[in-house]
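Have a look at the structure below, then the notes.
The values are calculated or read from the model by the stated rules, or taken from the named source; none is laboratory data. Being a predicted model, the structure only gives us computed values, none of them experimental. Virtual Cβ from ideal backbone geometry, glycine too; neighbours counted across all protein chains shown.
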Amino acid sequence: MTPQRRAKPLAGWRILVPRGGEWGNSIAASLRAAGAVPVIAPLINFASTDNAAALADALDRLRQGYYEWVVVTSATTVDVLLSHDQKIPSETRIAAIGETTSSALLAAGYRVDFSPEHDNSSRGLVKAWRSVAPTGHILVPQSEDSDETLRSGLAGLGTDAEIVTAYRTVGVTVSADIAKEVRTGRINGILITSGSVARQIQSQLAPLPPGTAVAAIGPRTAFDARNAGITVDVIAESRTAASLVDAFIDHVGWRSRHAG
């Protein structure tokens with residue numbers, strides 16, 4: 001790595017960060033340190049489940065120690081647990097998907113008993129969990145629009161998993177100024193962190209101008225983005241903020257070497 005690349009490899013890039021909060025601020029700081037101008041513009045938000053009674057019943061059973069495991073798939077699920085002042089018995093083990101989820105659990109005072117080491121995705125959890133051979137009742141509170149990967153994977157392991165909707169994902173309309181910056185190419189980089197974000201980009205900002213670099217956090221998100229009609233230029237190897245920024249830097253370096 002050359003000194004110039006170490007200094008400001010993303011100089012000249014304005015990059016759309018589609019999530020706010022702690023995650024958005026953290027990745028924005030990493031982008032800024034690499035020379036980019038991050039533009040935080042949340043494209044999705046989260047709302048309560050339409051079936052609050054089913055969630056409340058499941059959380060009551062969790063509190064009473066009915067489940068051997070609870071699988072936490074996102075930091076938003078942690079927020080749901082906190083909003084219900086949820087207690088998790090010491091005998092109930094907690095599995096987390098992704099470093100962001102694990103960090104949110106620990107920050108909220110929960111623990112993490114298991115998390116996939118290499119593939120921070122539902123598929124990675126199922127694969128890694130084969131060695132654990134989980135038994136008993138398993139609770140999986142997750143987003144309404146989660147794909148079937150976790151459900152089918154746990155069924156394939158022969159587990160008794162109960163999937164319950166913990167929250168809904170809703171779109172957030174970006175400002176006219178940000179939409180114009182994307183349309184004119186002034187924002188020349190876009191991060192995609194989920195299929196829900198990809199669908200909002202497609203509905204609100206497509207078609208993206210030529211030259212706009214689109215980076216997806218992990219292969220599953222890239223797959224969802226392409227299904228939404230978005231061309232993906234960069235795929236982070238893992239579902240972490242650091243991997244996403246590193247992949248974007250590598251892509252920019254590749255573009256510079258092949259310019260012209």
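In summary, Ile187 fulfils each of the numbered conditions (1) in contact with a Leu (Cβ under 7 Å, 6 or more places away or on another chain); (2) outside any loop (DSSP other than H, G, I, E, B); (3) crowded, with 19+ Cβ neighbours inside 10 Å; (4) touching a residue at least 40 places away in the same chain (Cβ under 8 Å) with the single exception of condition (2).
Okay, residues lined up against (1) in contact with a Leu (Cβ under 7 Å, 6 or more places away or on another chain); (2) over 18 Å from Ala36 (Cβ atoms); (3) touching a residue at least 24 places away in the same chain (Cβ under 8 Å):
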| site | (1), (2), (3) |
| --- | --- |
| Ile178 | no, no, yes |
| Arg199 | no, yes, yes |
| Pro207 | no, yes, no |
| Arg226 | no, yes, no |
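Can you report the number of residues in the stretch 228-260 which are of a type in the set (D, E, K, R) and in a loop (DSSP other than H, G, I, E, B)? Of the residues in that region, 3 qualify. All conditions in (1) modelled with pLDDT of 95 or more; (2) closer than 29 Å to Val72 by Cα hold for Arg168, with the sole exception of (1). Just to check your reading of the model, which residue among Ala179, Ala198 is assigned to a helix (DSSP H, G or I) and touching a strand residue (DSSP E or B) at 6+ places or on another chain (Cβ under 9 Å)? On inspection, the qualifying residue turns out to be Ala198.
Residues of the stretch 21-41 that are in a helix (DSSP H, G or I) and not aromatic (Phe, Trp, Tyr): Gly21, Glu22, Gly24, Asn25, Ser26, Ile27, Ala28, Ala29, Ser30, Leu31, Arg32, Ala33.
Counting the residues of the stretch 103-125 that are crowded, with 21+ Cβ neighbours inside 10 Å and part of a helix (DSSP H, G or I) gives 5.
When Leu81, Leu10, Leu16, Leu59 are checked against the criterion of being hydrophobic (A, V, I, L, M, F, W, C), assigned to a loop (DSSP other than H, G, I, E, B) and buried (at least 21 other Cβ atoms within 10 Å of the Cβ), a single residue qualifies: Leu10.
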